[in-house]
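Colleague: I'd like to ask some things about the structure below.
The values are calculated or read from the model by the stated rules, or taken from the named source; none is laboratory data. Computed from a predicted model, the values in this text were never measured in an experiment. All Cβ positions, even for glycine, are placed from backbone atoms using ideal geometry, and neighbour counts span all protein chains on display.
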Amino acid sequence: MSIRFEKVDFEYSPNTPFAFKALTDIDLELSKDKMTAIIGATGSGKSTLVQHLNALLLPTGGKVIVDEHTIEAGKKFVKTKDLRHKVGLVFQFSEYQLFEETIIKDVSFGPKNFGISEAEAIEKAKRALKTVGLDESYYERSPLELSGGQKRRVAIAGILAMGPDILVLDEPAAGLDPQGAEQMMTLFRKLNKEKGITVLVVTHNMEHVLKYCDEVVVLDHGKLLMHTDMTTFFENEKYMEEANINPPSIIRFKAMLRQRGLDIPSDILSIEDLARYLSRRKGK
Ligand SMILES: Nc1ncnc2c1ncn2[C@@H]1O[C@H](COP(=O)(O)OP(=O)(O)O)[C@@H](O)[C@H]1O
Ligand SMILES: [Mg+2]
């Protein structure tokens, strides 16, 4: 089972004066069962890339393979419904897509569409709402009454209710307050580690990448710049420079300590671990 991009090109509005090549020659194999961050500057092609995973966009060159599904440029792809059952895509600002009059109706809409009974769909919706931390007092409320963060939870529940194997989130924490953002990322990590859902998350937040993700994919002007595991990425200043990112504070602090001659192991990636390590050394 795999998620693969083979020589994928994508051009918006081909053969028109507005043609724009947003992805070029992407060769990428994503690890299933992991939590992978997709990073890169605005306009680097992150949203375009992830929309290929559920055939919302079709490659104009190469192929995208998701388990038994192959989406190949120039060939008709007919299993869209099956693929969307497998891959749940949560858009950026997904809260704007809520449309039903009650939360329970909104969240059960997706599963109902996949041909299960109303009662089963409601059951799935209830479970999904519980997962995102919204209890039964929310069921009959209008999504419009909620705060931005709560609305986004409802939108995510709508995707979770369909029981995806692969969950793709495009900047899910953008615009949330820091605590809400941490809760959101904790939820995805839990879905990944406890339920075995493959999670791909587009983000600009390097602290989140460091704290929650296992692997990192970096895009640059529509090309794949690198794909590596999180520790390797943050252990190599050269990688971070190439990716044009500011290292998280713990990484910068480690670099400063190393410059001063302290030997800091690479698996120390949080302030807590660093404090523990330094106090142990002091005692020696
Ligand atoms: N519908 C579209 N038509 C034409 N160009 C687009 C469209 N959507 C995005 N683009 C362009 O494609 C490039 C990649 O966009 P996108 O995938 O949204 O980047 P990111 O998510 O990394 O910010 C950008 O230059 C953007 O302007
Ligand atoms: Mg985007």
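Colleague: Of the conditions (1) over 17 Å from G163 (Cβ atoms); (2) assigned to a helix (DSSP H, G or I), R127 satisfies every one except a single condition; which number is it?
Modeller: (1)
Colleague: Residues of the stretch 87-101 being touching a helix residue (DSSP H, G or I) at 6+ places or on another chain (Cβ under 8 Å) and either more than 16 Å from ligand 1 (Cβ to nearest atom) or of a type in the set (V, I, T) (or both), which ones?
Modeller: Residues satisfying the conditions are G88, V90, E95, Q97, L98, F99, E100.
Colleague: Are any of the residues in the stretch 85-98 free of Cβ contacts under 8 Å to residues at least 24 places away in the same chain, over 21 Å from R189 (Cα atoms) and more than 20 Å from the chain's Cα centre (by Cα)?
Modeller: Restricting attention to the stretch 85-98, the residues satisfying the condition of being free of Cβ contacts under 8 Å to residues at least 24 places away in the same chain are 96.
Retained after the next criterion (residues that are over 21 Å from R189 (Cα atoms)): 96.
Remaining after also requiring more than 20 Å from the chain's Cα centre (by Cα): none.
Looking through the stretch 85-98, none of the residues is free of Cβ contacts under 8 Å to residues at least 24 places away in the same chain, over 21 Å from R189 (Cα atoms) and more than 20 Å from the chain's Cα centre (by Cα).
Colleague: Just a yes or no: is a residue in the stretch 171-178 within 16 Å of ligand 1 (Cβ to nearest atom), among the aliphatic types (A, V, I, L, M) and surrounded by fewer than 16 Cβ atoms within 10 Å (Cβ to Cβ)? Give the steps one after another, and end with the answer.
Modeller: From the stretch 171-178, those within 16 Å of ligand 1 (Cβ to nearest atom) are 171-175; that's our starting set.
So of that shortlist, the ones also among the aliphatic types (A, V, I, L, M) come out as 173-174.
Applying the additional criterion that residues be surrounded by fewer than 16 Cβ atoms within 10 Å (Cβ to Cβ) yields 174.
Scanning the stretch 171-178, I find at least one residue that is within 16 Å of ligand 1 (Cβ to nearest atom), among the aliphatic types (A, V, I, L, M) and surrounded by fewer than 16 Cβ atoms within 10 Å (Cβ to Cβ), so the answer is yes.
Colleague: Any residue in the stretch 129-137 that is within 16 Å of ligand 2 (Cβ to nearest atom), in contact with a helix residue (DSSP H, G or I) (Cβ under 8 Å, 6 or more places away or on another chain) and under 30 Å from I3 (Cβ atoms)?
Modeller: Start the filter on the stretch 129-137 by keeping residues that are within 16 Å of ligand 2 (Cβ to nearest atom), which leaves none.
No, because not a single residue in the stretch 129-137 is within 16 Å of ligand 2 (Cβ to nearest atom), in contact with a helix residue (DSSP H, G or I) (Cβ under 8 Å, 6 or more places away or on another chain) and under 30 Å from I3 (Cβ atoms).
Colleague: Among strands (runs of 3 or more DSSP E) lying entirely in the stretch 11-121, which contain 1 or more residues that are touching a Ser or Thr at 6+ places or on another chain (Cβ under 8 Å), within 16 Å of ligand 2 (Cβ to nearest atom) and under 24 Å from F233 (Cβ atoms)?
Modeller: Working: elements: 20-30, 35-39, 61-66, 69-72, 87-90.
Strands (runs of 3 or more DSSP E) meeting the threshold: 20-30, 35-39.
Colleague: Can I ask one more? Of I116, I103, I65, I39, which residue is surrounded by fewer than 22 Cβ atoms within 10 Å (Cβ to Cβ) and either among the hydroxyl-bearing types (S, T, Y) or at pLDDT 95 or above (or both)? So that I can check it myself, show each step before the final result.
Modeller: Working: I116 fails: either among the hydroxyl-bearing types (S, T, Y) or at pLDDT 95 or above (or both); I103 fails: surrounded by fewer than 22 Cβ atoms within 10 Å (Cβ to Cβ); I39 fails: surrounded by fewer than 22 Cβ atoms within 10 Å (Cβ to Cβ).
Going through I116, I103, I65, I39 in turn, the sole match is I65.
Colleague: Which pairs turn up if I take residues in the stretch 29-56 that are near ligand 1 (Cβ under 6 Å from one of its atoms) and look for partners that are of a type in the set (D, E, K, R) with beta carbon separation below 7 Å, at least 6 apart in sequence or on another chain?
Modeller: Between residues of the stretch 29-56 that are near ligand 1 (Cβ under 6 Å from one of its atoms) and residues that are of a type in the set (D, E, K, R), the close pairs are G40/K46; G40/D220; S44/D220; S47/D170.
Colleague: Collect the residues in the stretch 139-156 that are buried (at least 19 other Cβ atoms within 10 Å of the Cβ) and touching a Lys or Arg at 6+ places or on another chain (Cβ under 9 Å), keeping them in residue-number order.
Modeller: Result: P143, single match.
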